[in-house]
Ligand SMILES: [Zn+2]
């Protein structure tokens, strides 16, 4: 079986408490075996239960930390930002718009449609989304193609522990909709594969990948 993130064949099946995973020896991505994927129906109903109310102070602070750490240092206000996998309330897109970004959002269940693919974006955020992707390599490649030169892909996903023992007892893997887990090595390998630079890699859960700026535009200063 090939790694769903990097395509390597250097994977080994492992099982924890009856749940099967495919562990990539090259990039460290830990993929939930497909036979354990939830149905689309149970996936959607679980997403509806996700507590992501921006009026709730703890959750709002969690989102604001992400904006301040993973977006503000890399993207000017007014830039276009896509909240990919926005969930039922698009809370993050709302906060981004409130802070002066031109925010859009997409979600396969709650805000479907292909409009996001027909334009390019200065920033694309995957806030607690990367771990839900069924085909991460394909999705990330599609997203990278929609980035403007100099644009950023900002990701929040909890990085997986290194050891089998720590992974086995890790709370994050117990969410039935979490289909794959990344380590810092997975993220840097992903950046290389997409032709993006690594602008930020910060434990426990933040990464920012940046598309190279167009050389001619950089010289003339007109982006
Ligand atoms: Zn891999």
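Bear in mind that the values in this text are calculations on the coordinates, not laboratory data. Everything numeric in this text was worked out from a predicted model, so none of it was measured. We place every Cβ from the backbone using ideal geometry, glycine too, and count neighbours over all the protein chains shown.
Counting other C-beta atoms within 10 Å, which of 109, 21 has the fewest, and how do the rest follow?
On the way: 109 15, 21 21.
The fewest-first ordering by Cβ neighbours comes to 109, 21.
With a 10 Å Cβ neighbour count serving as the proxy for reagent exposure, in which order, fewest first, do 127, 132, 50 appear?
Listing 127, 132, 50 from fewest to most nearby Cβ atoms yields 50, 132, 127.
Take the Cα radius of gyration of region 97-167 and divide it by 2.2 N^0.38 Å, with N its residue count; two decimals is plenty.
1.29
Across every pair of different alpha-carbon atoms, what Kirkwood hydrodynamic radius in Å does the chain reach?
18.1
Ranking 23, 121, 171 by Cβ neighbours within 10 Å, fewest first, what do you get? Intermediate results must be reported in sequence, preceding the final value.
On the way: 23 18, 121 22, 171 7.
So the residues, fewest neighbours to most, are 171, 23, 121.
Expressed as cubic angstrom per residue, what is the convex hull volume of the alpha carbon set of region 143-207? Walk me through the numbers on the way to the answer.
On the way: hull volume 6.0 nm³, N = 65.
Convex hull of Cα atoms, per residue: 92 Å³.
R0 = 25 Å: FRET efficiency of residue 162 with residue 2, Cβ-based, nearest 0.05? Mind showing how you got there, number by number?
Values: r = 22 Å, r/R0 = 0.88.
After rounding to 0.05, the efficiency reads 0.70.
Which of rounded, prolate, oblate describes region 62-119, given a ≥ b ≥ c as roots of the alpha-carbon gyration tensor eigenvalues and a/c under 1.5 marking rounded, otherwise prolate only if a/b is larger than b/c? Walk me through the numbers before you get to the answer.
On the way: a/c = 2.27, a/b = 1.46, b/c = 1.55.
Here region 62-119 falls in the oblate category.
With all distinct Cα pairs included, what does the Kirkwood hydrodynamic radius of region 1-129 come out to in Å, to one decimal, could you say?
Numbers: mean 1/r = 0.0594 Å⁻¹.
For region 1-129, inverting the mean 1/r across all distinct Cα pairs yields 16.8 Å.
Treating the angle as unsigned and between 0 and 90°, give the value, to the nearest 10°, between the Cα long axis of helix 184-194 and the longest Cα principal axis of the chain.
Here the helix axis deviates by roughly 60 degrees.
Treat each spin label as a single point 7 Å out from the Cα along the C-beta direction, and report the residue 174 to residue 192 distance in nm.
3.5
Once you place label points 7 Å from the Cα toward the Cβ at residue 10 and residue 55, how far apart are they in nm?
Result: 5.2 nm between the two label points.
Can you pull the one-decimal nm distance between simple spin-label points at residue 115 and residue 40, each 7 Å off the Cα toward Cβ?
2.2
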